[in-house]
Amino acid sequence: MKDRTGKNLKIDEIIKKINNRFLNIFLELEVYLLHLVGYIPFHHLRRFFYRLSGIRIGRGSTLHMGAKFYQPGNIVIGQDTIIGEGAVLDGRDKLIIGNHVAIASEVMIYNSEHDINDINFSAIEAPIIIEDYVFIGPRVIILPGIKVGKGAIIGAGAVVTKDVPPFAIVGGVPAKIIGERRNKNLSYKLGRARWFR
């Protein structure tokens with residue numbers, strides 16, 4: 001038996017590949033089931049299943065319908081945080097989202113990408129940290145290894161390829177600093193979750 005690069009495999013390597021294949025099938029099934037859970041129109045029930053899958057969700061936080069996950073066990077969401085409809089949260093490496101974070105609809109946060117210069121097009125994984133009081137606008141894409149500082153604002157449609165300093169306002173493709181948040185004494189709460197969203 002050979003691997004995808006054409007290398008002959010030893011028995012222990014074959015057994016490892018078979019075990020890895022079954023593990024991947026189980027993870028794909030889990031991701032599919034969570035995808036279905038994302039369309040239950042009652043956020044308390046969705047949150048229950050998300051926690052059951054290993055996502056750590058803080059008190060008062062909600063994930064609106066249609067959220068998608070990869071390897072949910074590496075995802076941590078703080079308190080009073082709202083994740084909008086259709087968001088993609090990647091847990092193939094650590095994904096830590098702070099308290100009082102507002103993530104709008106269809107935001108995609110990826111902590112795994114392909115190395116385009118690698119001969120085998122291998123994956124590169126790196127953690128993402130989003131600190132407290134961040135606002136992320138609709139359809140933002142955040143790439144692996146990014147840290148978004150406290151109170152930062154990311155404008156709609158931005159592609160974040162570099163760290164975002166605290167209280168910075170960024171926008172564009174790739175995202176660049178376009179301003180600074182004036183209020184640096186943040187203490188607001190995001191409010192009541194929409195039960196049927």
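The values are calculated or read from the model by the stated rules, or taken from the named source; none is laboratory data. These numbers come from a predicted model, not from an experiment. Methodologically, a virtual Cβ is constructed for each residue, glycine included, from the backbone with ideal geometry; neighbour enumeration extends over all protein chains shown.
Can you pull out every residue in the stretch 4-41 that is acidic (Asp, Glu) and either touching a Phe, Trp or Tyr at 6+ places or on another chain (Cβ under 6 Å) or surrounded by 12 or more Cβ atoms within 10 Å (Cβ to Cβ) (or both)?
Step one: list which residues in the stretch 4-41 are acidic (Asp, Glu), which gives 12-13, 28, 30.
Of everything in the stretch 4-41, those that are acidic (Asp, Glu) and either touching a Phe, Trp or Tyr at 6+ places or on another chain (Cβ under 6 Å) or surrounded by 12 or more Cβ atoms within 10 Å (Cβ to Cβ) (or both) turn out to be 13, 30.
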Please go through the stretch 92-109 and pick out each residue that is within 16 Å of residue 143 (Cα to Cα) and either touching a Cys at 6+ places or on another chain (Cβ under 6 Å) or surrounded by 23 or more Cβ atoms within 10 Å (Cβ to Cβ) (or both). 95, 97, 103, 107, 109
So residue 30 passes all but one of these: (1) outside any loop (DSSP other than H, G, I, E, B); (2) charged (D, E, K, R); (3) modelled with pLDDT of 90 or more. Which condition number does it fail? (3)
How about the stretch 37-96: which of its residues are assigned to a loop (DSSP other than H, G, I, E, B) and aromatic (Phe, Trp, Tyr)? 39, 42
Qualifying residue in the stretch 104-123 (condition: out of contact with any Lys or Arg (no Cβ under 7 Å at 6 or more places or on another chain), in contact (Cβ under 8 Å) with a residue 40 or more places away in the chain and closer than 22 Å to residue 55 by Cβ): yes
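Report yes if some residue within the stretch 2-13 is assigned to a strand (DSSP E or B) and modelled with pLDDT under 90; otherwise report no.
If we filter the stretch 2-13 for residues that are assigned to a strand (DSSP E or B), which is where we start, we get 2, 8.
Imposing the further condition that a residue be modelled with pLDDT under 90 reduces the set to 2, 8.
Yes, that holds for at least one residue.
Within the stretch 109-146, which residues are among the polar types (S, T, N, Q) and in a loop (DSSP other than H, G, I, E, B)?
First pass over the stretch 109-146, keeping only residues among the polar types (S, T, N, Q): 111-112, 117, 120, 122.
Within the stretch 109-146, 111, 117, 120, 122 meet the criteria.
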Does the stretch 162-197 hold any residues that are of a type in the set (D, E, K, R) and part of a loop (DSSP other than H, G, I, E, B), and which are they? 162, 163, 181, 182, 184, 189, 192, 194, 197
